Amino acid sequence: VKGCGVYMRVRNMPSVAPLYPWKWPTQIWQQIHIDFAEQDKHYFFVVVDSHSKWLEVILMSTITTAKTIEVLQNLFASYGLPEEVVTNNGPQFTSVEFQQFLNFNGIKHTRVSPYHPASNGAAERCVQTLKKAFTKQTLSIWK
């Protein structure tokens, strides 16, 4: 059956593994999800608060660990230190420098599965929304 092209095109997709929701934070800025978005050679740092769904999007010229930490320091100065930061396994987030920064500030770092981006769903959804908004803006300009 696996060798039959016709069957493979019309078969039902295998069931998806069940998603386990994150524990709901009890206060704002307790748990934040972070990720990067790229659109037209521009980088955007996406930060979303799990409790309030407050979104911060910061345009960045480079996405190095040092610049990422710099942006987070500014956000933490404005909103306070979160208890937990959830990231994917991007090189900025897996570096020793980033881990030291979080440890120094007493912040728990949760990294999601590298091949399952939906685990960082809050940030991933915001990245998709941001990219869709950019596409709509671009298309409306060319009307």
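The values are calculated or read from the model by the stated rules, or taken from the named source; none is laboratory data. In this text the structure is predicted, and so the values were computed from the model without any measurement. Please note: Cβ atoms are built from the backbone with ideal geometry, for glycine as well, and neighbour counts cover all protein chains shown.
Looking across the range 19-66 at every residue that is aliphatic (A, V, I, L, M) and surrounded by 19 or more Cβ atoms within 10 Å (Cβ to Cβ), the one that is nearest to K108 (Cα to Cα) is identified as I32. The residues of the range 43-56 that are in a loop (DSSP other than H, G, I, E, B) and touching a helix residue (DSSP H, G or I) at 6+ places or on another chain (Cβ under 8 Å), listed by number, are S50, K53.
For the range 6-18, the count of residues that are modelled with pLDDT of 80 or more, more than 19 Å from E97 (Cβ to Cβ) and small (G, A, S) is zero.
Taking the criterion of being part of a strand (DSSP E or B) and modelled with pLDDT of 95 or more, the only residue of the range 86-108 that qualifies is K108. Of the residues making up the range 57-85, those that are charged (D, E, K, R), in contact with a strand residue (DSSP E or B) (Cβ under 7 Å, 6 or more places away or on another chain) and not in a loop (DSSP other than H, G, I, E, B) are K67, E84.
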